[in-house]
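Below is one structure; the comments refer to it alone.
Nothing in this text is a laboratory measurement; each read-out follows from the coordinates by a stated rule. This one's a predicted model, so the numbers in the text were calculated from it and none came from an experiment. Using ideal geometry, Cβ is built from the backbone for each residue, glycine included, and neighbour counts are taken over all protein chains shown.
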Amino acid sequence: MLRYPSLRAPLDILFLVCCIALTADVLVPEIWGNGKTKDYPLWFWAGQQVLQGRDLYPSDPKAYFEFIYPPLPAVLLATPSYFGKVPLYLCLSFLNAVAWWMTAQLSNAMTGSGKIPGPWLFALPGFVTISFVFDMFDLGQPNLVLLAMMLLGFWFLQHERPWMAGSMFALATAIKVFPVAVFPYLVWRRRWASAASMVVFLGIFLFVVPAPVRGFQHNVSELKTWFQGMVGSSSEQGFGQRAEQNWSWVNQSIIAVTHRLTRPVNYNQDNPAKQPAYMNLLDLDFRTANWVVLAVSLAIGLGYIAVMPPPARTTPLSEAEELGLLFCLMTVASPLARQYYFVWLFFPITILMHRGAFDPRPAVRIGTWAALVATGLLMCLSLPVFPKDLQAYGNNLAATAVIAAGLVWHILHPPFEAKASSLSPTDGELQPDMQNISH
């Protein structure tokens, strides 16, 4: 069972201290300074728009959107916004703290190793991803909360609660669209109940839940405007309302890096004060570059399908590695993948750490830790001491590729015991081991 942090466990105390410090980073500027910046004032504005019955988006889908998310998040933000900025910011920080704790527990429980991690191994993924977690608190972004939701969804799937699983996937998608990439996986693996649940609950979260607050017709109109402005807009200049970020160094998605490598795109366009800089190896037009993106994405998708074991040969280990790959792909397949998006690597990193600690083959353990070290070095290139050019080439995208390669190797080369004990799971028959975490 899930457990609360314990004041008798030194690492749990350290976790609580970190959460207090990260929350102070949010509240101190607001209470004693000039006000918290980043996305926090935007969340308060969105909540106030709902409370006052005002529009979230301009009537023209081509105009600039202050709020680029679907209406549901604004409706959810309305209640804490009613009490003021400090209660709202405290609520968001608390959600991030809970999500951080839940992510660590679920990640360690879902590695398929069946082993009880020691306290340091349990905490290690949190240490190596601390910069991403800091971004979640500092910026006020929901990606860590979305990660916890997705992990909880797969946890429900393991416990034969497919409709609960689908509801979690739908809620994450209704808040920030990119988790929708889980749907093709559910269909391919014939998780029919979870896929159906995701569709049903997505309709509920997008159309039914906001309706009593916004009015049904008003909500539908805003959804249409949001879709046209965010999902339906794409051009050589950019997509989804933030053209200055789409092709710049801050975006490390497959789409952005491929475009920067295949056509002359200024990756400093997010800062007009900087000299234009280019990194393209080819000189393709926008349309052709999109075909390259499609080909690359198709190759990655087909490769993922190819390495997925058939039902008769799946094991708890391969199930975990398969899900770890899925989280890698969902992260980099998002059209916009800023630095903080890569907090979703928490789960894949945890899986590889368990392989490095518990695989019965010494050479495999060494190789797994070597891959993790390479991943860490690539991620460190995002530190301010290094030039932004390195991030333009996709250091975090490359780190994700290294993690994915490690997971693929483990799927294709399981331990002998895992081969011998292979099983055939049906919808919801993934093997749970959360009870290990409670010890």
Loop-exposed trypsin sites (Lys or Arg not before Pro) per DSSP, neighbour cap 10 Cβ within 10 angstrom, longest uninterrupted part of the chain: 63-439
Please check: in the Gaussian network model of the chain (C-alpha springs, under 10 Å), which one of Leu412, Leu329, Leu72 has the largest mean-square fluctuation. Leu412
Where the centre of each part is set by its Cα atoms, how far does segment 256-288 sit from segment 351-399, in angstrom? 26
Comparing Gly303, Gly140, Gly112 in a Gaussian network model of the chain (Cα, 10 Å), the one with the largest mean-square fluctuation is Gly303
For the chain, modelled as a Gaussian network with Cα springs under 10 Å, which listed residue fluctuates most, Gln158, Gln391, Gln49? Gln49
So who's got an amide H within less than 5 Å of the one on Phe239, skipping anything under 5 residues away but keeping other chains? H placed 1.01 Å off N, in plane. Asn246
How large is ³J(HN,Hα) for each residue in segment 138-151, as worked out from phi by the Karplus curve 6.51 cos²θ - 1.76 cosθ + 1.60 (θ = phi - 60°), to whole Hz, x for Gly and Pro? 5, 7, x, 7, x, 4, 5, 5, 5, 4, 4, 4, 5, 5
Report the local net charge at Asp60: Lys and Arg +1, Asp and Glu -1, summed over other residues whose C-beta lies under 14 Å from its C-beta. -1
In the structure displayed, which of Lys36/Lys176; Lys38/Lys224; Lys38/Lys85 lie more than 25 Å apart, Cα to Cα? Lys38/Lys224
log₁₀ of I(q)/I(0) at q = 0.07, 0.13 Å⁻¹ - the chain, Debye sum with one point per alpha carbon: -0.35, -1.31
Estimated 222 nm signal from helices in the chain, with DSSP H stretches of n ≥ 4 weighted -39500 (n - 2.57), rounded to 500: -19500 deg cm²/dmol
From the phi of every residue in segment 159-172, what ³J(HN,Hα) in whole Hz does the Karplus formula 6.51 cos²θ - 1.76 cosθ + 1.60 yield, where θ is phi - 60° and glycine or proline is x? 9, 6, 10, x, 6, 5, 4, x, 5, 5, 4, 5, 4, 4
Cβ-Cβ cut-off under 14 Å around Asp389, Lys and Arg +1, Asp and Glu -1: the net charge is +2
Overall Cα dimensions of segment 84-185, principal axis frame, Å, largest first: 43, 34, 20
Zone residues, segment 90-125, relative to Ala24, backbone N less than 19 Å from point 7 Å out along Cα-to-Cβ: 90-98
Cross-link candidates for Lys274: which lysines have Cα within less than 19 Å, leaving aside residues fewer than 8 places away along the same chain? Lys388
In this structure, the FRET efficiency calculated for Val98 and Asn271 from their beta-carbon separation, with R0 = 35 Å, to the nearest 0.05, is 0.50
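By the scheme Lys and Arg +1, Asp and Glu -1, what is the net charge of all other residues having a beta-carbon under 12 Å from that of Phe207?
For residues surrounding Phe207, the net value is +1.
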Amide H to amide H under 5 Å from Thr314: which residues, 5+ apart in sequence or cross-chain, H placed 1.01 Å off N in plane? Leu423
